């Protein structure tokens, strides 16, 4: 009896020791998991913080240098002047020629990218089969991956000669060819985001439309597009920001001449093209001519900020929750 009692006690102590070992191992795993999660959380926080700090640093640099620039140039002259000759003997600092060139070329690009990108998105979302979508998507991504300098020379050496056959007297450098090619360049951005927004629309809405006797085209135009309008608006805002911030196409094909004009068949210079032209290191740091690139950059940033605010308002105003 005593031996059996001892055996039972030994087994009980062994089971207790195993339970303690299992509990300790579980606690160690939980502690290790918590440490790992904290490290991952810290890395993600630093990644997010780095983008915020980078944005703040850019804004600080632009504002500081722009304030130095506006100590020599009145803001009213900068905003309303129609001559931009900061590097001449008699410098003029009116930003309107650069602003007009940026707006004209961006408008031309959007006139190309918005309808084409929307049509492509509707086709891929509502009409294309699986195989057609799998073939078309890589081509769109390839179009987005072409370097912008290639688009610039494509506009200068291919599109401009064709336009000169249609429009005799068109100069070799002009905003028309640059804007058209820039529109082709941003089509993938618009179409991709529009398609994602349309495919996020619940299938029940489409089925209800089909049950009412609507065709695919009627469903796409009257049901899917209005339901996905917030995402489509975001795609358009991204296209606008991409067009406003484009540099190489305009620097190569638009002519780099700051003309205050709305005629797309004339050469012009945009804000980004001017920044590239002046940032090559020919001007001494600290001079008014060098500080113009920061004032122009601040203007461009405010434009982009305005577009982003408008896009955010549109997304909140027309967002549909399913």
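The values are calculated or read from the model by the stated rules, or taken from the named source; none is laboratory data. Since the model is a prediction, treat every value here as computed from it, not as a measurement. When we count neighbours, we look across all protein chains shown, and the Cβ atoms used for this are built from the backbone with ideal geometry, even at glycine.
Each row is one residue, and each column tells you yes or no for (1) surrounded by 10 or more Cβ atoms within 10 Å (Cβ to Cβ); (2) over 19 Å from the mean Cα position of the chain (by Cα); (3) at pLDDT below 90.
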position	(1), (2), (3)
21	yes, yes, yes
37	yes, yes, yes
57	yes, yes, no
76	no, yes, yes
91	yes, yes, yes
(request) Go over the candidates 230, 191, 221, 177 one by one and state the one that is assigned by TED's automatic domain parsing to the domain that holds residue 148, at pLDDT below 85 and part of a helix (DSSP H, G or I). (result) 230
(request) Please find, among 169, 81, the residue that is more than 21 Å from residue 251 (Cβ to Cβ), in the same structural domain as residue 246 (by TED's automatic domain parsing) and surrounded by 16 or more Cβ atoms within 10 Å (Cβ to Cβ). (result) 81
(message) Looking at the range 95-114, can you tell me whether even one residue there is over 25 Å from the mean Cα position of the chain (by Cα), closer than 25 Å to residue 266 by Cβ and surrounded by 11 or more Cβ atoms within 10 Å (Cβ to Cβ)?
(response) no
(request) Considering each residue of the range 234-268, count those that are part of a loop (DSSP other than H, G, I, E, B) and surrounded by fewer than 24 Cβ atoms within 10 Å (Cβ to Cβ), and give that number. (result) 13
